[in-house]
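Student: What follows is a structure written as structure tokens; I'll ask about it next.
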Amino acid sequence: MIKLKIAVIIGSTRIGRFADHPAKWIAGLAASRAEFEVEVLDLLDYPMSFLGQASATEAQTETAELWKKKLREFDGYIFTVAEYNHAPTAVLKNAIDLGDFIHKPVAFVGYGGVGGARAVEHLRLIFVEMSAASVKTGVHISFPEYLSILKDGKSLNDYAHLVEAAKNQLDQLAWWGRALKAARAV
Ligand SMILES: Cc1cc2nc3c(=O)[nH]c(=O)nc-3n(C[C@H](O)[C@H](O)[C@H](O)COP(=O)(O)O)c2cc1C
């Protein structure tokens, strides 16, 4: 079986971020499946300039080029999505603008007051413009689960509805991943 290379992209670089919890969790679930080879991409490791920024340093511009090149290795992407003022984080939007996701599937694990739903819906629209295929099922970690992870040491695996949503999302990512990989090869 040809494995699909999947990137889990951590969409927040904030100090003390929650993002590591969903990133580790969804990467673990994806990696446990035979059809995927999974790599976590942390935007902290890619301190990039903004797209076309005049004052960018050489190092920032080089990192942006590295990021763009790195993204091309993958057959699909899962984003952890923090919601800042009802939208995705600026750092994630910039990383997306710098990339290329044409004819590849994307999936979202959101969190926040309403499970990051508003930020995820923004991203779905953005990825239509980028000719990516957004899989139907989002994973939405709402405030009670978010708090229980931080304060009571619970795991995302303790929530059957999240595990179920993740399974469905990964099933869809595999289907679209295979279909679009074959189509890209023609
Ligand atoms: C600038 C800012 C704006 C925020 N706006 C929202 C919001 O619109 N909706 C929401 O549910 N949570 C909002 N939050 C709370 C975040 O969901 C929460 O801080 C979450 O942990 C952010 O993800 P991170 O910790 O991975 O950066 C906001 C947080 C910040 C820092």
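Student: For each pair in LYS5/LYS181; LYS3/LYS104; LYS24/LYS70; LYS3/LYS93, compute the distance between the two Cα atoms and list the pairs where it is over 22 Å.
Tutor: In this structure, LYS3/LYS93 lie more than 22 Å apart at Cα.
Student: Something else: Between THR57 and LYS136, what length comes free when the chain is fully extended (0.36 nm per residue of separation minus the Cα-Cα distance, one decimal in nm)?
Tutor: Fully extending the segment from THR57 to LYS136 adds 24.5 nm.
Student: Can you return the aspartates and glutamates within cross-link range of LYS136? Criterion is Cα-Cα under 16 Å, with same-chain partners fewer than 8 residues away left out.
Tutor: Result set, ordered by chain and number: GLU121, GLU164, ASP171.
Student: Restricting attention to segment 1-104, which GluC sites (Glu not before Pro) occupy a DSSP loop and are surrounded by at most 15 other Cβ atoms within 10 Å?
Tutor: In loop regions of segment 1-104 (DSSP not H, G, I, E or B), the sparsely surrounded GluC sites (Glu not before Pro) are GLU73.
Student: Also, I was wondering about something else. Looking at the chain, do any whole DSSP H helices span at least 30 angstrom along their long axis by alpha carbon and average -0.5 or above on Kyte-Doolittle, and which?
Tutor: Length and hydropathy pass: 160-185.
Student: With only Lys, Arg, Asp and Glu charged, each at its Cβ (+1 for the first two, -1 for the last two), find how big the charge dipole of the chain is about the Cα centre; round to the nearest 20 debye.
Tutor: That gives a dipole near 340 debye.
Where a number appears in this text, it was derived from the coordinates with a stated rule and is not lab data. What you see is a predicted model, and the numbers here were worked out from it, not measured in a lab. Because the Cβ atoms are built from the backbone with ideal geometry, glycine has one as well, and the counts that use them run over all protein chains shown.
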